[in-house]
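The values are calculated or read from the model by the stated rules, or taken from the named source; none is laboratory data. All values reported here derive from a predicted model rather than from experimental measurement. Note that we place each Cβ from the backbone using ideal geometry, even for glycine, and neighbour counts take in every protein chain shown.
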Amino acid sequence: MKSPFAASTIALAVLLLAGCASYRPVAPAFHAAISKPYVLDAGDRVRITVFEQDGLSNVYSVDQAGYIAFPLVGAVAARGLTAQQVEGTLAQKLRGGYLRDPDVSVEIDRYRPIYVMGEVGAAGQYSYVPGMTVHKAIAAAGGFSPRANQANADITRDINGKVMTGRVLTSDPILPGDTVYVRERLF
């Protein structure tokens, strides 16, 4: 007959192995997204300046459909485009009968928010700041709870229209729109 200690040790080993079996390394595209140029999406706010056109220069939001509502030309696609690509699109549309040679500048005014969930002080939506890491996002959310796994976290990220989740170290950078999930530690 096995002792209760041996049975509990075997049960613990099975649980640990089951937890390890669900871990999969992040796809290479997950980390590659960090070094690519920033692309706009719903929730971003951009400052558009049209030289010598104060009536057109303003701050505009990218709506849920991924468009910017711009005076004179209407809806301008922004989802998946860089600020420079939106500059070119706007200049082209303004040349189409509105301005002779428009000089357009587009810059990010406010990034879309990040979300921090799980074992943190105050889960919720937070403003993204360039250079933010997982650890800084957790700090913004009130820090780790007493039961939190402080070594790593799961990040869910939209990469080229595909939602991916990966486990990363807390020192890893995050991107606007990411969801950070802090898991509970086993012991």
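Is there a residue being within 30 Å of Ala83 (Cα to Cα), loosely packed, with under 14 Cβ neighbours inside 10 Å and not polar (S, T, N, Q) anywhere in the range 131-144?
Applying the first criterion (within 30 Å of Ala83 (Cα to Cα)) to the range 131-144 yields 131-141.
Now narrow it down to the ones that are loosely packed, with under 14 Cβ neighbours inside 10 Å: 131.
Keeping just the survivors that are not polar (S, T, N, Q) gives 131.
Yes, that holds for at least one residue.
Does Gln53 satisfy the condition of being assigned to a loop (DSSP other than H, G, I, E, B), polar (S, T, N, Q) and farther than 18 Å from Tyr111 by Cα?
Values: assigned to a loop (DSSP other than H, G, I, E, B): yes; polar (S, T, N, Q): yes; farther than 18 Å from Tyr111 by Cα: yes.
So Gln53 passes the test.
If Ser105 satisfies every condition in (1) exposed (fewer than 14 other Cβ atoms within 10 Å of the Cβ); (2) modelled with pLDDT of 95 or more; (3) part of a strand (DSSP E or B) but one, which is the exception?
(1)
Working carefully through the options Ala91, Ala122, find the one that is in a helix (DSSP H, G or I) and either surrounded by 14 or more Cβ atoms within 10 Å (Cβ to Cβ) or not assigned by TED's automatic domain parsing to the domain that holds Ile68 (or both).
Values: Ala122 fails: in a helix (DSSP H, G or I).
When all the criteria are applied, what remains is Ala91.
Restricting the search to the range 108-119, which residues are in a strand (DSSP E or B) and either at pLDDT below 95 or of a type in the set (Asp, Glu) (or both)? Write out each step before concluding.
Taking the range 108-119 first, the residues in a strand (DSSP E or B) are 108-110, 114-118.
Of everything in the range 108-119, just one residue is in a strand (DSSP E or B) and either at pLDDT below 95 or of a type in the set (Asp, Glu) (or both), namely Asp109.
Anything in the range 39-59 that is loosely packed, with under 14 Cβ neighbours inside 10 Å and in contact with a Pro (Cβ under 8 Å, 6 or more places away or on another chain)? List them, or say none.
Selection gives Phe51, Gly55.
Can you spot a residue in the range 92-101 that is more than 15 Å from the chain's Cα centre (by Cα), of a type in the set (S, T, N, Q) and within 30 Å of Thr49 (Cα to Cα)?
Restricting attention to the range 92-101, the residues satisfying the condition of being more than 15 Å from the chain's Cα centre (by Cα) are 92-101.
Checking the rest, the ones that are also of a type in the set (S, T, N, Q) come to 92.
So of that shortlist, the ones also within 30 Å of Thr49 (Cα to Cα) come out as 92.
Taking every residue of the range 92-101 in turn, at least one turns out to be more than 15 Å from the chain's Cα centre (by Cα), of a type in the set (S, T, N, Q) and within 30 Å of Thr49 (Cα to Cα).
Does any residue of the range 137-150 turn out to be outside the structural domain of Asn58 (by TED's automatic domain parsing), of a type outside the set (Phe, Trp, Tyr), on the phi < 0 side of the Ramachandran plot and touching a helix residue (DSSP H, G or I) at 6+ places or on another chain (Cβ under 7 Å)?
At the first step, the residues of the range 137-150 found to be outside the structural domain of Asn58 (by TED's automatic domain parsing) are 137-150.
Next, only the ones that are of a type outside the set (Phe, Trp, Tyr) stay: 137-143, 145-150.
Now restrict to residues that are on the phi < 0 side of the Ramachandran plot: 137-141, 145-150.
Restricting the remaining residues to those that are touching a helix residue (DSSP H, G or I) at 6+ places or on another chain (Cβ under 7 Å) gives none.
Within the range 137-150, none of the residues are outside the structural domain of Asn58 (by TED's automatic domain parsing), of a type outside the set (Phe, Trp, Tyr), on the phi < 0 side of the Ramachandran plot and touching a helix residue (DSSP H, G or I) at 6+ places or on another chain (Cβ under 7 Å).
Would you mind stating whether Asn149 is among the polar types (S, T, N, Q) and within 20 Å of the chain's Cα centre (by Cα)? Write out each step before concluding.
Working: among the polar types (S, T, N, Q): yes; within 20 Å of the chain's Cα centre (by Cα): no.
In short, no.
Any residue at all in the range 127-142 that's in a strand (DSSP E or B) and not hydrophobic (A, V, I, L, M, F, W, C)? Walk me through how you get there before you give the answer.
Filtering the range 127-142 for residues in a strand (DSSP E or B) gives 133.
Add one more test, that the residue is not hydrophobic (A, V, I, L, M, F, W, C), and what stays is 133.
The answer is yes; a qualifying residue exists.
Could we say that Val86 is more than 19 Å from the chain's Cα centre (by Cα), in contact (Cβ under 8 Å) with a residue 40 or more places away in the chain and surrounded by 20 or more Cβ atoms within 10 Å (Cβ to Cβ) here? Write out each step before concluding.
Working: more than 19 Å from the chain's Cα centre (by Cα): yes; in contact (Cβ under 8 Å) with a residue 40 or more places away in the chain: yes; surrounded by 20 or more Cβ atoms within 10 Å (Cβ to Cβ): yes.
For Val86, the condition - more than 19 Å from the chain's Cα centre (by Cα), in contact (Cβ under 8 Å) with a residue 40 or more places away in the chain and surrounded by 20 or more Cβ atoms within 10 Å (Cβ to Cβ) - is met.
Just checking, which of Ala78, Ala42, Ala65, Ala137 is touching a Gly at 6+ places or on another chain (Cβ under 7 Å), at pLDDT 95 or above and aliphatic (A, V, I, L, M)? First the steps, then the outcome.
Working: Ala42 fails: at pLDDT 95 or above; Ala65 fails: touching a Gly at 6+ places or on another chain (Cβ under 7 Å); Ala137 fails: touching a Gly at 6+ places or on another chain (Cβ under 7 Å).
Within the list Ala78, Ala42, Ala65, Ala137, the selection yields Ala78.
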